[in-house]
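Structure first, commentary second.
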Amino acid sequence: MYVYMGHMNFEHTQPYEDWFWEKNTIDLLNGQVIELKYVEKQIILSDDFAFDYDELIIATGSKPAFYNWPGSDLRGVQGFYSKQDLELLETNAPNNKQCKRAVIVGGGLIGIELAEMLHSRDINVTMLIREDVYWGNILTKNEGMLLGKHIASKGIDLRFNTNLKEINADEHGGVGSITTTSGDTIACNFVGISTGVVPNIDFLKSSGLDIDNGVLVNQYLETNLQSIYAIGDCAQQRVSLPNRKSVEAVWYTGRIMGQTVAKTIAKTRTPYQPGVWFNSAKFFDIEYQTYGNVSATCGGSEQQLYWEDNSGEKSITLAFDKNSLTFLGITALGLRLSHPLLEQWLSEKKDMSYVIDHLPELNFDPEFYPKIIKRAASKFKEQLISNEFESNS
Ligand SMILES: Cc1cc2nc3c(=O)[nH]c(=O)nc-3n(C[C@H](O)[C@H](O)[C@H](O)COP(=O)(O)OP(=O)(O)OC[C@H]3O[C@@H](n4cnc5c(N)ncnc54)[C@H](O)[C@@H]3O)c2cc1C
């Protein structure tokens with residue numbers, strides 16, 4: 001996103017300098033794999049080049065999830081995942097003369113990046129959001145409302161409870177408008193599809209690998225075929241780890257999987273242990289961090305406490321087990337929390353009174369920021385004593 005916004009060049013996004021590969025005796029080969037031949041222990045590239053392997057690690061990532069809306073093959077409709085998508089965006093939405101309005105379908109993490117990018121070039125943006133609050137399938141209602149207000153304050157037109165029905169062509173065969181399931185027609189020149197990602201594994205369908213949504217792996221990241229592993233976004237745990245999804249499309253779990261499989265291949269067979277769930281993002285000016293389990297619809301034995309400061313731009317949600325008062329997770333908006341401390345508290349299963357007493361220690365905001373977590377802690381104490389819990393269910 002920061003390349004399109006002019007904050008950095010593409011070269012800055014490359015993980016390593018060009019000399020890194022040779023220096024570390026890694027042969028970097030640019031090519032597309034189109035087939036896996038298990039019996040021959042070979043992969044085939046699109047130029048018919050056959051490559052032998054002893055051990056194979058599949059790490060082909062995700063691709064945007066596209067549903068078959070009428071008109072989704074029109075010029076000006078695209079997802080946002082790869083460098084090629086970034087280049088296409090430069091063609092589809094270079095400025096607000098060629099692209100007066102953009103419609104983004106889906107209000108998740110990639111959708112908000114697209115919105116901020118287009119907004120940075122003064123392109124009008126409408127977002128179609130399936131739920132009744134922003135990112136309502138992940139955030140609690142209070143958090144979704146807070147972020148929705150912030151995003152709308154930037155001039156983004158948010159349409160809640162709204163799905164895409166079809167994309168209509170203009171007289172030149174590009175995007176001219178969209179129709180929503182509520183029957184509204186919105187004139188636009190660009191449609192960004194950000195309705196999630198799916199594992200990028202089509203080329204493996206007839207390889208003999210067990211495949212569901214992703215390539216199925218056991219806890220050692222081994223597939224059903226000997227000497228073949230899958231890691232990152234394209235891997236799906238055959239048996240999900242407790243409180244985790246079977247496919248987790250975030251960078252740090254991919255990195256842990258890479259480290260894990262490297263140990264196994266170096267003859268120390270090691271199970272994948274992702275530790276405490278964590279994710280972070282930025283919604284225009286508001287940073288988001290979540291640790292452990294804070295569910296959008298707090299049901300079962302989960303109970304939540306919610307604090308929001310007077311600005312309406314900072315909040316903390318604490319989740320806990322109502323029977324044992326064990327701390328389950330935390331989500332912060334507009335505040336930075338200490339990752340190592342939270343990992344420790346969650347893995348040690350601290351109770352809520354400990355967490356609230358020590359809450360100010362979580363502060364990880366840069367210097368000169370007001371230390372407001374103390375205020376949140378005293379509000380939480382009152383809520384806990386008076387049983388004022390949030391219930392989203
Ligand atoms: C816009 C955007 C923003 C994101 N922001 C965040 C974030 O803030 N935090 C976070 O945790 N995660 C974020 N993610 C997700 C994160 O990028 C992924 O989880 C991570 O990159 C997955 O790593 P991976 O190695 O599994 O796959 P990828 O990084 O997708 O790498 C897959 C590689 O395989 C190559 N490839 C694919 N098919 C073939 C083939 N047939 N032959 C040869 N090569 C092939 C691709 O070209 C690519 O180089 C974001 C993703 C997007 C798209």
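The values are calculated or read from the model by the stated rules, or taken from the named source; none is laboratory data. Everything numeric here is computed off the predicted structure, so don't read it as measured data. When we count neighbours, we look across all protein chains shown, and the Cβ atoms used for this are built from the backbone with ideal geometry, even at glycine. Quick note on the areas: whole protein, heavy atoms, side chains included, nothing else; ligands and nucleic acids left out. Shrake-Rupley method; radii C 1.70, N 1.55, O 1.52, S 1.80 Å.
Structure summary
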{"quantity": "The chain: Cα Rg divided by the 2.2 N^0.38 Å rule of thumb", "calculated": "1.09"}
{"quantity": "Highest to lowest packing among 196-204, 375-383, scored as the average C-beta count within 10 Å", "calculated": "196-204, 375-383"}
{"quantity": "Separation between Cα centres of region 214-259 and region 331-377, rounded to whole Å", "calculated": "30 Å"}
{"quantity": "Kirkwood estimate for region 1-82, i.e. one over the average of 1/r between Cα atoms, Å", "calculated": "16.8 Å"}
{"quantity": "Of LYS350/LYS374; LYS314/LYS371; LYS141/LYS350; LYS149/LYS381; LYS322/LYS350; LYS350/LYS379, pairs whose Cα-Cα distance is over 21 Å", "calculated": "LYS141/LYS350; LYS149/LYS381"}
{"quantity": "Computed [θ] at 222 nm, deg cm²/dmol, the chain (DSSP H ≥ 4; -39,500 (n - 2.57); rounded to nearest 500)", "calculated": "-6500 deg cm²/dmol"}
{"quantity": "Karplus-derived HN-Hα couplings along region 45-62 (A = 6.51, B = -1.76, C = 1.60, θ = phi - 60°), whole Hz, x at Gly and Pro", "calculated": "8, 5, 8, 6, 5, 9, 10, 7, 9, 9, 10, 10, 10, 8, 9, 8, x, 10"}
{"quantity": "Long-range HN-HN contacts of LEU335 with modeled amide H, under 5 Å", "calculated": "GLU287, SER315"}
{"quantity": "Most fluctuating residue given options THR223, THR180, THR91, as computed from a GNM of the chain linking Cα atoms under 10 Å", "calculated": "THR91"}
{"quantity": "Shape metrics for region 71-215, restricted to C-alpha atoms - Rg then Dmax, Å", "calculated": "16.2, 51"}
{"quantity": "Size of electric dipole in the chain: Cβ of Lys, Arg +1 and of Asp, Glu -1, about Cα centre, debye, nearest 20", "calculated": "800 debye"}
{"quantity": "Average Cα contact separation per residue, region 180-294, under 8 Å, 6 or more apart, as relative contact order %", "calculated": "17 percent"}
{"quantity": "Lysines whose Cα lies under 26 Å from that of LYS263, excluding same-chain neighbours fewer than 8 positions away", "calculated": "LYS23, LYS37, LYS41, LYS245"}
{"quantity": "Proximal aspartates and glutamates relative to LYS349, as straight alpha-carbon distance under 16 Å, when same-chain residues fewer than 8 apart are discounted", "calculated": "GLU302, ASP321, ASP357"}
{"quantity": "Rough spin-label spacing in nm, given labels placed 7 Å along Cα→Cβ, for LYS23 and ASP321", "calculated": "4.9 nm"}
{"quantity": "Å² per residue, accessible surface of region 281-393 at 1.4 Å", "calculated": "49 Å²"}
{"quantity": "J(HN,Hα) series, region 194-203, from Karplus relation 6.51 cos²θ - 1.76 cosθ + 1.60, nearest Hz, glycine and proline x", "calculated": "9, 9, x, 10, 10, x, 9, 9, 3, 5"}
{"quantity": "Whole-Hz couplings from phi, Karplus 6.51/-1.76/1.60, listed for region 129-146; x for Gly and Pro", "calculated": "10, 5, 8, 8, 9, 5, 6, x, 7, 10, 8, 6, 4, 4, 5, x, 5, 4"}
{"quantity": "Size of charge dipole - region 33-149 - debye, nearest 20, with Cβ of Lys, Arg +1 and Asp, Glu -1, no other charges", "calculated": "820 debye"}
